[in-house]
1. Take the residues in the stretch 1-30 that are among the polar types (S, T, N, Q) and part of a loop (DSSP other than H, G, I, E, B); name whichever of them is nearest to Q202 (Cα to Cα).
2. If a residue must be crowded, with 20+ Cβ neighbours inside 10 Å, touching a Gly at 6+ places or on another chain (Cβ under 9 Å) and within 21 Å of R44 (Cβ to Cβ), how many such residues does the stretch 80-113 contain?
3. Quick one: what pairs do we get from the stretch 103-118, first residue over 14 Å from T55 (Cα atoms), second part of a helix (DSSP H, G or I), C-beta under 8 Å, 6+ apart or different chains?
4. Just to be sure I understand, how many residues within the stretch 48-69 are of a type in the set (S, T, N, Q) and open to solvent by less than 10 Å² (accessible area, probe 1.4 Å)?
5. Give the residues of the stretch 193-207 that are surrounded by 15 or more Cβ atoms within 10 Å (Cβ to Cβ), under 15 Å from the mean Cα position of the chain (by Cα) and within 17 Å of T31 (Cβ to Cβ), sorted by residue number.
6. Name, by its number, the condition in (1) open to solvent by 80 Å² or more (accessible area, probe 1.4 Å); (2) free of Cβ contacts under 8 Å to residues at least 24 places away in the same chain; (3) within 22 Å of Q158 (Cβ to Cβ); (4) part of a loop (DSSP other than H, G, I, E, B) that does not hold for G72.
7. Kindly list the number of the only condition in (1) loosely packed, with under 13 Cβ neighbours inside 10 Å; (2) touching a helix residue (DSSP H, G or I) at 6+ places or on another chain (Cβ under 8 Å); (3) of a type in the set (D, E) that fails for D43.
8. Just to check your reading of the model, which residue among K33, K56, K38 is outside any helix (DSSP H, G or I), modelled with pLDDT of 95 or more and among the basic types (K, R)?
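The values are calculated or read from the model by the stated rules, or taken from the named source; none is laboratory data. None of these values were measured; they are calculated from a predicted model. Cβ atoms come from the backbone with ideal geometry, glycine included; neighbour counts cover every protein chain shown. Note: areas computed on protein heavy atoms with side chains; ligands, DNA, RNA excluded. Shrake-Rupley method; radii C 1.70, N 1.55, O 1.52, S 1.80 Å.
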Amino acid sequence: MNFNIINKEEWHRKEYFDHYFNEIPCTYSMTVKLDITKIKNSDRKLYPTMLYFITKVVNRHSEFRTAIDINGNLGVFDEMLPCYTVFNKESETFSNIWTQYCDSYDEFCKLYEKDIEMFGSVKKMIAKPDIPENNFPVSMIPWTTFDGFNLNLQKGYQYLLPIFTMGKYYEENSRYILPLAIQVHHAVCDGFHVSRFVNELQELVEA
């Protein structure tokens, strides 16, 4: 993992970062509907497949890898990995598990299955220890669908990485639709960037 510190004085987003981080701190969320029919009509498992596709697009674009590290430096991770929730039926709580990202879909799914086997039954908030700093959160709420979803973080204005939340998929006009909420910080990510992310994610889902 490499963290490349940004020279703000030479950064093309300096004016926007200062405005939305210091002057008018601003985060925002967007909820979209993804057509996941091709995934549902295949033998692929939905959760690891979506984790893989989301991470793949996150790693394409620096605005989704821009963060403030533990030392307070502004910079860009060269690669991100997903830290995702799994549900504990007995306790009705969730646990966080992270999986190392690799560009191969099959290899990523093998790593995911291994992590689920080893840590899926651990009844702790952090089921898999030693979470790397270059992680971003993904949640799944499979019990209900939604048209809008927003997180309210007390220290959210200091958190630059994206947060993804999936809901329950549903059938509409013979297509399967999955709601996805994306929360970002305006200091590093504009509407253009979120829209590009959604379009590229949909392309991967349909490929």
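1. Here the residue is N2.
2. Of the residues in the stretch 80-113, 1 are crowded, with 20+ Cβ neighbours inside 10 Å, touching a Gly at 6+ places or on another chain (Cβ under 9 Å) and within 21 Å of R44 (Cβ to Cβ).
3. Qualifying pairs under 8 Å: E113/P48.
4. Number satisfying all stated conditions: 3.
5. Matches in the stretch 193-207: H193, V194, R196, F197, V198, L201, Q202.
6. It is condition (1) that G72 fails.
7. D43 satisfies all of (1) loosely packed, with under 13 Cβ neighbours inside 10 Å; (2) touching a helix residue (DSSP H, G or I) at 6+ places or on another chain (Cβ under 8 Å); (3) of a type in the set (D, E) except (2).
8. Going through K33, K56, K38 in turn, just one is outside any helix (DSSP H, G or I), modelled with pLDDT of 95 or more and among the basic types (K, R): K33.
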